[in-house]
């Protein structure tokens, strides 16, 4: 059983690495599943044992970053992990820019919104899915603007801004819930 798990883990790592390389080389829209499996050296059926499509592999590859960004909803301040993720996004701005392009942006906003929605208070003025999508889009808008900033603010400053704006948005849209529902 352990041997199978190691092979499965290795295959997933190979697919994720091939996906990242193809993403950098071709961009998300031009990349195909065939490109990923050729680079990873696996068969088509092997790919589909792990993922349904290229959106699935993008979501998995982005999930660790999304989890940290989503944590800004409920943390008392910008965590060291958030500062690290923001710095990582800047250090890898070529990849970040590719992720923020049209089709891939929709996938990562959706991935982040799903994680944010799980952390929202039970009562909000807007449906949780709408609020989560708004917050996710706002977080990426700030990151995108920062990537173009010259000279750039420090990752710690941007992480603090991400946290503050996320908390403020959620707080503003959870106050007076009973008034907004009438």
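No lab work stands behind these numbers, since they all come straight from the coordinates. What you are looking at is a predicted structure, and each value in this text was computed from that prediction instead of being measured. Please note: Cβ atoms are built from the backbone with ideal geometry, for glycine as well, and neighbour counts cover all protein chains shown.
Given the options 164, 172, 138, which has the most mean-square fluctuation in a GNM of the chain, springs set between C-alpha atoms less than 10 angstrom apart?
172
Could you state the angle between the C-alpha long axis of helix 80-91 and the longest principal axis of the C-alpha atoms of the chain, as a value from 0 to 90 degrees rounded to the nearest 10?
It works out to around 60 degrees.
Pairing the Cα long axis of helix 128-148 with the longest principal axis of the chain, what angle in degrees results, from 0 to 90 and rounded to the nearest 10?
It is inclined by approximately 80 degrees.
Which order do 68, 167 fall in if you start with the one that has the fewest other Cβ atoms within 10 Å? Present the calculation step by step, with values, prior to reporting the outcome.
Working: 68 21, 167 18.
Fewest-to-most Cβ neighbours within 10 Å comes out as 167, 68.
To check my understanding: the extent here is largest minus smallest coordinate of the Cα atoms along each principal axis. What are those three numbers for the chain, in Å, largest first?
Dimensions of the chain along the principal axes of its Cα atoms: 56, 41, 32 Å.
In what sequence do 69, 95 fall when counting other Cβ within 10 Å, fewest first? Kindly include the intermediate steps, with their values, before the conclusion.
Working: 69 28, 95 14.
Ascending Cβ contact count within 10 Å gives the list 95, 69.
Within the stretch 131-152, which residues have the backbone N less than 16 Å from the label spot 7 Å out from residue 29 along Cα→beta-carbon, could you tell me?
Inside the label zone: nothing.
What list of whole percents do you get for P(r) of the stretch 1-51, with Cα-Cα distances grouped in 10 Å bins up to the one holding the largest distance?
Calculated over all Cα pairs of the stretch 1-51, the distribution is 27, 52, 17, 3 percent.
Which angle from 0 to 90°, rounded to the nearest 10, does the C-alpha axis of helix 155-172 make with the longest principal axis of the chain?
60
How would 166, 124 line up from fewest to most surrounding beta-carbon atoms within 10 angstrom?
If I rank by nearby Cβ atoms, fewest first, I get 124, 166.
Among 60, 144, 75, whose mean-square fluctuation peaks in a Gaussian network model of the chain (Cα, cutoff 10 Å)?
Of 60, 144, 75, the most mobile in the Gaussian network model is 75.
Taking 7 Å along the Cα-to-C-beta vector as the label spot, tell me the residue 148-residue 88 distance in nanometres, rounded to one decimal.
2.5
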